[in-house]
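All remarks here apply to the structure that follows.
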Amino acid sequence: MVGPFSTSRLILRTFTLGDLDDVWAYQRRPEVARFMSWSARDREQSRRSLEQMVREDGLRVEGDCLTLAVVRRDTGRVVGQVELVWRSREHRRGELGYVLDPRHQGHGYATEAATAMLRYGFETFGLHRIVARCSTRNIASARLMERLGMRREAHFRECAFGKGEWRDEYVYALLRAEWARTAHRRGG
């Protein structure tokens, strides 16, 4: 089990089954599901999703996903999730993902949580390269990746079909050496 990690305003920790109310609060929102592969969830669907996230508590073998609850220190409430998938042992690659309750957007929480996960991926887990993907229509996610210092490497046209339409996707990436060069700007 990994974590918890602390930032100035957040605690990133593994999920527990007691997080259902907070998780359902954001997974049921259509604006959250809009760019995801899933649709807005009912309570039972969120419960099943949470059960899966509870099991995603470490990176033991290639293909594992570490999913952490993003908890506001001041309220103790889960306001989102951040994840790191171990994509390749040989090439030391990972993939970053995140979801934040829209009621808590615009305060830098996603940047803070994603930065902590990148720090773990590069500095603790020893990854060489971390990628992140988003729909080309998800401007907020693309801007977040750019704030993290990631560079857009690809624009895939009609690469995924879901919810009745083809989706274009951006792929961003960051190398460990690039992360290390910008550590002074992050206070690291």
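The values are calculated or read from the model by the stated rules, or taken from the named source; none is laboratory data. Source: prediction; values computed, not measured. So basically every Cβ, Gly included, is an ideal-geometry build from the backbone, and we count neighbours across all protein chains shown. Areas reflect the complete protein model, heavy atoms only, side chains present, ligands, DNA and RNA absent. Shrake-Rupley method; radii C 1.70, N 1.55, O 1.52, S 1.80 Å.
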Would you mind stating whether Arg87 is open to solvent by 20 Å² or more (accessible area, probe 1.4 Å) and farther than 22 Å from Ala132 by Cα?
no
For the stretch 47-64 the number of residues that are open to solvent by 60 Å² or more (accessible area, probe 1.4 Å) and not β-branched (Val, Ile, Thr) is 7
Restricting the search to the stretch 154-184, which residues are hydroxyl-bearing (Ser, Thr, Tyr) and either out of contact with any Ser or Thr (no Cβ under 8 Å at 6 or more places or on another chain) or surrounded by fewer than 17 Cβ atoms within 10 Å (Cβ to Cβ) (or both)?
Tyr172, Thr182
Log entry, pairs with first residue in the stretch 52-70 being over 21 Å from Leu10 (Cα atoms), second being of a type in the set (Phe, Trp, Tyr) and modelled with pLDDT of 95 or more, beta carbons closer than 6 Å, six or more apart or on different chains, reads Leu59/Trp86; Glu62/Trp86; Asp64/Trp86
Residues in the stretch 1-46 that are at pLDDT below 95, open to solvent by less than 70 Å² (accessible area, probe 1.4 Å) and part of a strand (DSSP E or B) total 1
List every residue pair whose Cβ atoms sit under 8 Å apart, with the two residues 6 or more apart in sequence or on different chains, where the first one lies in the stretch 1-27 and is at negative phi and the second, anywhere, is at pLDDT below 95 and of a type in the set (Ser, Thr, Tyr).
Leu12/Ser6
For the stretch 47-88: of the residues being part of a strand (DSSP E or B) and in contact with a Cys (Cβ under 8 Å, 6 or more places away or on another chain), which is nearest to Leu127 (Cα to Cα)?
Trp86
Could you check the stretch 94-188 for strands (runs of 3 or more DSSP E) lying wholly inside it with 2 or more residues that are within 14 Å of Met36 (Cα to Cα) and of a type in the set (A, V, I, L, M, F, W, C)?
129-135, 151-162
Does the stretch 128-136 include one or more residues that are loosely packed, with under 12 Cβ neighbours inside 10 Å and more than 15 Å from the chain's Cα centre (by Cα)?
no
